[in-house]
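Scroll down for the structure; my scribbles are underneath it.
The values are calculated or read from the model by the stated rules, or taken from the named source; none is laboratory data. In this text, all values refer to a predicted model and were calculated from it rather than measured experimentally. All Cβ positions, even for glycine, are placed from backbone atoms using ideal geometry, and neighbour counts span all protein chains on display. All accessible areas refer to the heavy atoms of the entire protein, side chains included, with ligands and DNA or RNA removed. Shrake-Rupley method; radii C 1.70, N 1.55, O 1.52, S 1.80 Å.
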Amino acid sequence: MTDQVLAAIDGSQFSEGVCDYAAWASLAMEAPLTFVHVVDNHSDVPEEQNLSGNLRFGARERLMKELSDLDEQRAKVNREQGKLMLEAAKERAIEDGVSDPITRQLNGTLVETLVELEKDVRLLVVGKRGETAHQASGHLGSNLERVVREMHRPILMVPKTFKRPEKILMAFDGSKTARKGVEMLARSPLFVGTECHVLIVGAETAERRSELEWALSTLREAGHQAEGAIRAGEVDEALQAYEKEHGIHLLVMGAYGHSRIRHLLVGSTTTAMLRGSRIPVLILR
């Protein structure tokens, strides 16, 4: 199925937010909604200690049989839990107004599975942290960082609770990629009727004023109420300050670049915002 909204769910506290944001996106874009649960039976198993040298004859065989049985039981439990989560997600999406959400349970690792599915994906919706990520507010699970780096589709990273976005903020640097992002934002059915803000971080120059005016004009021509600013300082700090000042509901950013320099600058900023943001972040590719 092409051009679908794909929502990755697990047993974390972010799954309800994933369901609601995915349903909102599906309805706004008039795109099919698919929930996927990836069963990785080895994701939370600590590295096993090699005890074979300490075991008497026959004990090793018995131990390996017991471990095999435990793996099979754990896999069965994971599958059953996943089926229950998928059913709950489907029911919640129907309550939100989605007519026929699809559920899929797949075996493998999260990142590789999502990359395999991306050719049919218009938007990927994920929670800020996964089931096994540390609960500290600033921690971002390594799986999610890898998804952002390796996927080539827009990714909406969401918090625990849904709030319909009415004010959005785009981080803009005037680059060709960022201009494409503004054009994508201007015509996206996700943001019809929203108030759009654009922020350039850096010293105020004639060139940056011209870039900001282009972005605002593009958004206004598409029917958006738009405003913006140029702020000096660190990118992540300036974005977070602007977000709080203006009551922003969703942040739009470009993802990691490909050159080593751009990867250092844009990549580190994107990761910092993912770690610190308490509102949804839409990452454009």
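Brief remarks on what is shown
- Each residue in region 60-109 was checked for being open to solvent by less than 80 Å² (accessible area, probe 1.4 Å) and more than 27 Å from the chain's Cα centre (by Cα), and 6 pass.
- Here Gly138 meets each of (1) of a type outside the set (Asp, Glu); (2) at pLDDT below 85; (3) within 22 Å of Ala25 (Cα to Cα) with one exception, condition (3).
- Under the condition of being open to solvent by less than 20 Å² (accessible area, probe 1.4 Å) and within 23 Å of Ala241 (Cα to Cα), the residues counted in region 180-211 number 11.
- Counting the residues of region 153-179 that are more than 28 Å from Arg209 (Cβ to Cβ), open to solvent by less than 30 Å² (accessible area, probe 1.4 Å) and of a type in the set (Val, Ile, Thr) gives 2.
- Under the condition of being among the aliphatic types (A, V, I, L, M) and out of contact with any Pro (no Cβ under 9 Å at 6 or more places or on another chain), the residues counted in region 147-167 number 4.
- Only a single criterion out of (1) part of a helix (DSSP H, G or I); (2) at pLDDT 90 or above is not satisfied by Arg62, namely (2).
- Matching residues, region 214-228, being outside any helix (DSSP H, G or I), small (Gly, Ala, Ser) and under 10 Å from Ala186 (Cβ atoms): Ala222, Gly223, Ala226
- Each residue in region 229-248 was checked for being in a strand (DSSP E or B) and open to solvent by 50 Å² or more (accessible area, probe 1.4 Å), and 1 of them qualify.
- As a summary of the residue check, Phe162 satisfies the conditions (1) out of contact with any strand residue (DSSP E or B) (no Cβ under 6 Å at 6 or more places or on another chain); (2) part of a helix (DSSP H, G or I) except for the one numbered (2).
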